[in-house]
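The block underneath contains the structure these notes are about, expressed in structure tokens.
The values are calculated or read from the model by the stated rules, or taken from the named source; none is laboratory data. Predicted model only: the values in this text are computed from it and were never measured. FYI the Cβ positions are ideal-geometry reconstructions off the backbone, even for glycines, and counts take in every protein chain you see. For accessibility, only protein heavy atoms count, side chains too; no ligands or nucleic acids. Shrake-Rupley method; radii C 1.70, N 1.55, O 1.52, S 1.80 Å.
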Amino acid sequence: MPVPGWYYRLSSFFRENFGEKIYKIPLDAGFSCPNRDGTLSTGGCIFCYNPSFSPASLERETKGEIKSLSEQIRSFQWRSEGGKKRLREQFSFPPDNFIPRRKYLAYFQSYTNTYGDVKTLRRKYEEALFLPGIIGLSIGTRPDCLSSEILNLLESFSRDYHVWLEIGLQSSHNRTLERINRGHTFEQFAAAVKATEGRGIYTCAHIINGLPGENRAEMLETIQRMNVLPVQGIKFHQLQVLQGTPLAQLYFRGEIGVLTEEDYLGIVSDQLEILRGDIVVHRLLNEVTNRELLLAPQWQDSRTGFSRHVEDELKSRGTFQGYSLQQ
Ligand code: SF4
């Protein structure tokens with residue numbers, strides 16, 4: 001399958017499907033996670049500190065409050081397209097007559113957003129979906145929190161809305177998953193992805209490069225294993241060591257290292273060459289919202305800057321996403 005450009009960007013996918021740019025609104029819907037609340041463990045994944053990448057979670061953590069979904073969505077829309085700056089400053093919250101012109105996905109980002117009973121989930125998703133400008137959902141979750149009842153609910157939404165499920169995998173190697181205390185296996189991920197097939201739900205896998213004890217060959221193997229699953233999207237992350245996490249303790253004890261930007265660039269480029277051409281790349285790099293939380297690596301390119309570097313790298317190699325699969 002031909003790839004538009006050097007790799008298949010989410011922006012290209014949206015343009016093909018909606019003819020315009022679609023914006024994602026990051027949300028904290030107040031969910032917890034079974035890997036934190038004692039159901040599986042209390043420590044969570046050893047790298048996890050949600051407030052580092054989720055502005056709404058940061059607010060939950062620092063102010064102890066979660067705004068309603070409507071409030072989070074309406075404020076985001078107002079900030080992003082609320083007319084003149086003066087007006088936005090005057091009214092921190094949109095006036096009642098504000099109608100967004102852009103299209104948005106409500107991105108349930110913080111923690112595990114399918115961790116609840118179906119009635120609660122329906123109420124939260126519908127609160128977002130029924131607001132003006134919202135054309136669908138993007139739901140971040142774990143593979144072991146996707147019962148058939150929950151998939152039925154998402155399938156019902158997918159008839160009228162655009163629905164992505166963003167499922168954390170991080171690595172396809174069970175040894176690594178154990179080491180980072182994920183609390184699920186690769187087989188559970190594969191089963192969850194297969195269970196979404198044919199339901200009109202798009203599935204995006206999250207992976208992390210540079211996890212403790214993993215070498216380049218293993219990171220490439222994760223891509224090969226994903227290629228044979230009905231996955232439609234992928235989000236790449238570099239391992240980041242954040243203050244207060246168990247990973248930070250390993251880092252301080254000198255038991256783990258992190259990737260240099262050069263290494264990460266090389267690995268992502270290698271992975272793109274072997275990634276199926278129809279898999280949409282949602283992101284190539286993670287950015288922390290609060291730099292003070294980041295212990296390592298100290299390099300932090302912007303997402304657009306890093307995308308350019310990847311394109312330059314593939315261009316210089318004369319390759320593109322899926323190149324190796326065509327040889
Ligand atoms: S599953 Fe997600 S939210 Fe839960 S501990 Fe792991 S990274 Fe954090």
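Key figures
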{"quantity": "Cβ-Cβ under 6 Å pairs, at least 6 apart or on other chains, the range 8-37 side closer than 15 Å to GLY233 by Cα and open to solvent by 60 Å² or more (accessible area, probe 1.4 Å), far side within 16 Å of the ligand (Cβ to nearest atom) and in a helix (DSSP H, G or I)", "calculated": "none"}
{"quantity": "All positions within the range 33-57 that are at pLDDT 95 or above and of a type in the set (S, T, N, Q)", "calculated": "ASN35, THR39, SER41"}
{"quantity": "Filter result for GLN90 (modelled with pLDDT under 95, within 25 Å of PHE18 (Cβ to Cβ) and of a type in the set (S, T, N, Q))", "calculated": "no"}
{"quantity": "Members of the range 114-136 found to be of a type in the set (A, V, I, L, M, F, W, C), assigned to a loop (DSSP other than H, G, I, E, B) and open to solvent by less than 90 Å² (accessible area, probe 1.4 Å), listed by number", "calculated": "LEU131"}
{"quantity": "Qualifying residue in the range 150-169 (condition: basic (Lys, Arg), in a helix (DSSP H, G or I) and either closer than 15 Å to GLY233 by Cβ or away from the ligand (no atom under 13 Å from the Cβ) (or both))", "calculated": "no"}
{"quantity": "Looking only at the range 228-270, and only at residues there that are assigned to a helix (DSSP H, G or I) and in contact (Cβ under 8 Å) with a residue 60 or more places away in the chain, the one that is surrounded by the fewest Cβ atoms within 10 Å (Cβ to Cβ)", "calculated": "PRO246"}
{"quantity": "Qualifying positions in the range 284-300 - free of Cβ contacts under 8 Å to residues at least 60 places away in the same chain, surrounded by fewer than 16 Cβ atoms within 10 Å (Cβ to Cβ) and within 20 Å of the chain's Cα centre (by Cα)", "calculated": "ARG291"}
{"quantity": "Given (1) surrounded by 14 or more Cβ atoms within 10 Å (Cβ to Cβ); (2) modelled with pLDDT of 90 or more; (3) within 16 Å of the ligand (Cβ to nearest atom), index of the condition LEU69 fails", "calculated": "(3)"}
{"quantity": "Cross-chain or 6+ apart pairs with Cβ under 6 Å, the range 132-160 first and in contact (Cβ under 8 Å) with a residue 24 or more places away in the chain and of a type in the set (Asp, Glu), then open to solvent by 50 Å² or more (accessible area, probe 1.4 Å) and within 16 Å of the ligand (Cβ to nearest atom)", "calculated": "ASP144/GLN188"}
{"quantity": "Scan of the range 92-111 for residues that are open to solvent by 10 Å² or more (accessible area, probe 1.4 Å) and among the hydroxyl-bearing types (Ser, Thr, Tyr), ordered by number", "calculated": "SER92, TYR107, TYR111"}
{"quantity": "Unmet criterion (only one of (1) open to solvent by 50 Å² or more (accessible area, probe 1.4 Å); (2) in a loop (DSSP other than H, G, I, E, B)) for LYS194", "calculated": "(2)"}
{"quantity": "Selection within the range 173-203 - touching a strand residue (DSSP E or B) at 6+ places or on another chain (Cβ under 8 Å) and either within 16 Å of the ligand (Cβ to nearest atom) or touching a residue at least 40 places away in the same chain (Cβ under 8 Å) (or both)", "calculated": "THR176, LEU177, ILE180, ARG182, PHE186, PHE189, ALA192, VAL193, THR196, GLY200, ILE201, TYR202"}
{"quantity": "Check on GLU214, more than 16 Å from the ligand (Cβ to nearest atom), assigned to a helix (DSSP H, G or I), over 24 Å from THR114 (Cβ atoms) and among the acidic types (Asp, Glu)", "calculated": "no"}
{"quantity": "The range 170-180, subset under 19 Å from the mean Cα position of the chain (by Cα) and not in a helix (DSSP H, G or I), residue nearest to PRO34 (Cα to Cα)", "calculated": "ILE180"}
{"quantity": "Residues of the range 301-318 that turn out to be outside any helix (DSSP H, G or I) and crowded, with 19+ Cβ neighbours inside 10 Å, as a count", "calculated": "0"}
